[in-house]
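Shown next, in structure tokens, is the structure this report addresses.
The values are calculated or read from the model by the stated rules, or taken from the named source; none is laboratory data. Quick caveat: nothing in here was measured; it's all calculated off a predicted structure. Cβ placement follows ideal geometry from the backbone for every residue including glycine, while neighbour counts extend to all protein chains displayed.
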């Protein structure tokens, strides 16, 4: 199957790829509607998850869709100008890697790369629970770790890594309050919610947000724990769930493609 990267009416279709610690998944997305246009293709994350190995997986996903347009990547790292400056739940050799150049070489396609939590957040703010919400909004993904995306009046503040806040003076929020910690320590929903309350109270103290949007796989069971988190700020489950990273990555690629096109026209 070959999909053009421009739909009728000028809407941009981009391939979104979500790079995770256990799987790399991708799909083409209509970035005007947020709809995924074909079944997601998922490949287990290679071990070790080196730059070369992940680049080959990205190329395989692009080949699966016979892709020739813009590709966006949500990646578990601090990302600046296409370079990864950290490596969360992925091989440490990614630190200081020009990931955008690597993926462009591997796929032959224009590449945009952003932090994975930022990608999920962009999707939720554009098409999900954060649509048309103003003020300070957090999109928090609870999974292997704690991913945080911060928005003010709908605008992303990139690379806000707040999963490692120190709680009670010493506890690392991610290792103490992630969904992985809940499962590993066999915490009840009530006990986990108490830990989450400590975490979200700290975010309230620092940022006075208007809304928390809770994503990650555990958001499917939001009714089990969200009512038990006792904070002042409104909390709602994410709507795009496991598709958020793919949709947000595609959205970032589409916006970059439009910006490049506009710059070319201005010349």
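Please count how many residues of the range 196-221 are within 30 Å of residue 23 (Cβ to Cβ) and either surrounded by fewer than 17 Cβ atoms within 10 Å (Cβ to Cβ) or under 17 Å from the mean Cα position of the chain (by Cα) (or both).
Total meeting the criteria: 10.
Kindly evaluate residue 101 against the criterion of being at pLDDT 90 or above and over 17 Å from the mean Cα position of the chain (by Cα).
Numbers: at pLDDT 90 or above: yes; over 17 Å from the mean Cα position of the chain (by Cα): yes.
When the stated conditions are applied, residue 101 passes them.
Residues checked against (1) surrounded by 17 or more Cβ atoms within 10 Å (Cβ to Cβ); (2) over 21 Å from residue 129 (Cα atoms); (3) within 16 Å of the chain's Cα centre (by Cα); (4) not assigned by TED's automatic domain parsing to the domain that holds residue 194:
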{"position": "148", "(1), (2), (3), (4)": "yes, no, yes, no"}
{"position": "151", "(1), (2), (3), (4)": "yes, no, yes, no"}
{"position": "155", "(1), (2), (3), (4)": "no, no, yes, no"}
{"position": "158", "(1), (2), (3), (4)": "no, no, yes, no"}
{"position": "164", "(1), (2), (3), (4)": "no, yes, no, no"}
{"position": "167", "(1), (2), (3), (4)": "no, yes, no, no"}
{"position": "171", "(1), (2), (3), (4)": "no, yes, no, no"}
{"position": "177", "(1), (2), (3), (4)": "yes, yes, no, no"}
{"position": "181", "(1), (2), (3), (4)": "yes, yes, no, no"}
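Table: residues versus (1) modelled with pLDDT of 95 or more; (2) touching a helix residue (DSSP H, G or I) at 6+ places or on another chain (Cβ under 6 Å).
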| residue | (1), (2) |
| --- | --- |
| 58 | yes, yes |
| 64 | yes, no |
| 73 | yes, yes |
| 86 | no, no |
| 96 | yes, no |
| 108 | yes, no |
| 111 | yes, yes |
| 118 | yes, no |
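I need a count of the residues in the range 201-243 that are out of contact with any helix residue (DSSP H, G or I) (no Cβ under 9 Å at 6 or more places or on another chain), touching a residue at least 40 places away in the same chain (Cβ under 8 Å) and either in a helix (DSSP H, G or I) or within 18 Å of residue 176 (Cβ to Cβ) (or both). Walk me through it before giving the result.
As a first pass, look at the range 201-243 and keep what is out of contact with any helix residue (DSSP H, G or I) (no Cβ under 9 Å at 6 or more places or on another chain): 201, 203-208, 210-211, 222-223, 234.
Imposing the further condition that a residue be touching a residue at least 40 places away in the same chain (Cβ under 8 Å) reduces the set to 203, 207-208, 210-211.
Imposing the further condition that a residue be either in a helix (DSSP H, G or I) or within 18 Å of residue 176 (Cβ to Cβ) (or both) reduces the set to 203, 207.
Total meeting the criteria: 2.
Give me a count of the residues in the range 65-78 that are within 12 Å of the chain's Cα centre (by Cα) and more than 15 Å from residue 30 (Cα to Cα).
Step one: list which residues in the range 65-78 are within 12 Å of the chain's Cα centre (by Cα), which gives 72-78.
With more than 15 Å from residue 30 (Cα to Cα) added as a condition, the list becomes 73-78.
The qualifying residues number 6.
For the range 127-143, name all the residues that are in contact (Cβ under 8 Å) with a residue 24 or more places away in the chain and over 13 Å from the mean Cα position of the chain (by Cα). Show your work before the answer.
Here is the first cut: in the range 127-143, the residues in contact (Cβ under 8 Å) with a residue 24 or more places away in the chain are 127-130, 133-143.
Within the range 127-143, 127, 128, 129, 130, 133, 134, 135, 136, 137 meet the criteria.
Answer yes if at least one residue in the range 138-146 is outside the structural domain of residue 88 (by TED's automatic domain parsing) and out of contact with any helix residue (DSSP H, G or I) (no Cβ under 6 Å at 6 or more places or on another chain), and no otherwise. Explain how you work it out, then say what you get.
Of all residues in the range 138-146, those outside the structural domain of residue 88 (by TED's automatic domain parsing) come to 138-146.
Right, trim to out of contact with any helix residue (DSSP H, G or I) (no Cβ under 6 Å at 6 or more places or on another chain) and you get 138, 140.
Within the range 138-146 (the criterion being outside the structural domain of residue 88 (by TED's automatic domain parsing) and out of contact with any helix residue (DSSP H, G or I) (no Cβ under 6 Å at 6 or more places or on another chain)), the answer is yes, since at least one residue qualifies.
Mind telling me which of the residues 99, 119 ends up being touching a residue at least 60 places away in the same chain (Cβ under 8 Å), surrounded by 20 or more Cβ atoms within 10 Å (Cβ to Cβ) and closer than 25 Å to residue 156 by Cβ? Before you say what the answer is, go through the steps one by one.
Values: 99 fails: touching a residue at least 60 places away in the same chain (Cβ under 8 Å).
Unique residue meeting the criteria: 119.
So residue 90 clears everything in (1) within 18 Å of the chain's Cα centre (by Cα); (2) assigned to a helix (DSSP H, G or I); (3) assigned by TED's automatic domain parsing to the domain that holds residue 66 except one condition, right? Which one?
The number of the failed condition is (2).
Would you say residue 72 is buried (at least 18 other Cβ atoms within 10 Å of the Cβ), under 17 Å from residue 41 (Cα atoms) and touching a strand residue (DSSP E or B) at 6+ places or on another chain (Cβ under 7 Å)? Full working, then the answer.
Values: buried (at least 18 other Cβ atoms within 10 Å of the Cβ): yes; under 17 Å from residue 41 (Cα atoms): yes; touching a strand residue (DSSP E or B) at 6+ places or on another chain (Cβ under 7 Å): yes.
Yes, satisfied.
Determine which member of the set 16, 23 is touching a strand residue (DSSP E or B) at 6+ places or on another chain (Cβ under 6 Å) and crowded, with 23+ Cβ neighbours inside 10 Å.
On the way: 23 fails: crowded, with 23+ Cβ neighbours inside 10 Å.
When all the criteria are applied, what remains is 16.
Of everything in the range 26-58, what is in contact (Cβ under 8 Å) with a residue 60 or more places away in the chain, outside any loop (DSSP other than H, G, I, E, B) and surrounded by 21 or more Cβ atoms within 10 Å (Cβ to Cβ)? Give them in sequence order.
Within the range 26-58, 26, 27, 28, 29 meet the criteria.
Would you tally the residues in the range 110-137 being assigned to a loop (DSSP other than H, G, I, E, B) and under 21 Å from residue 23 (Cβ atoms)?
So the answer is 0.
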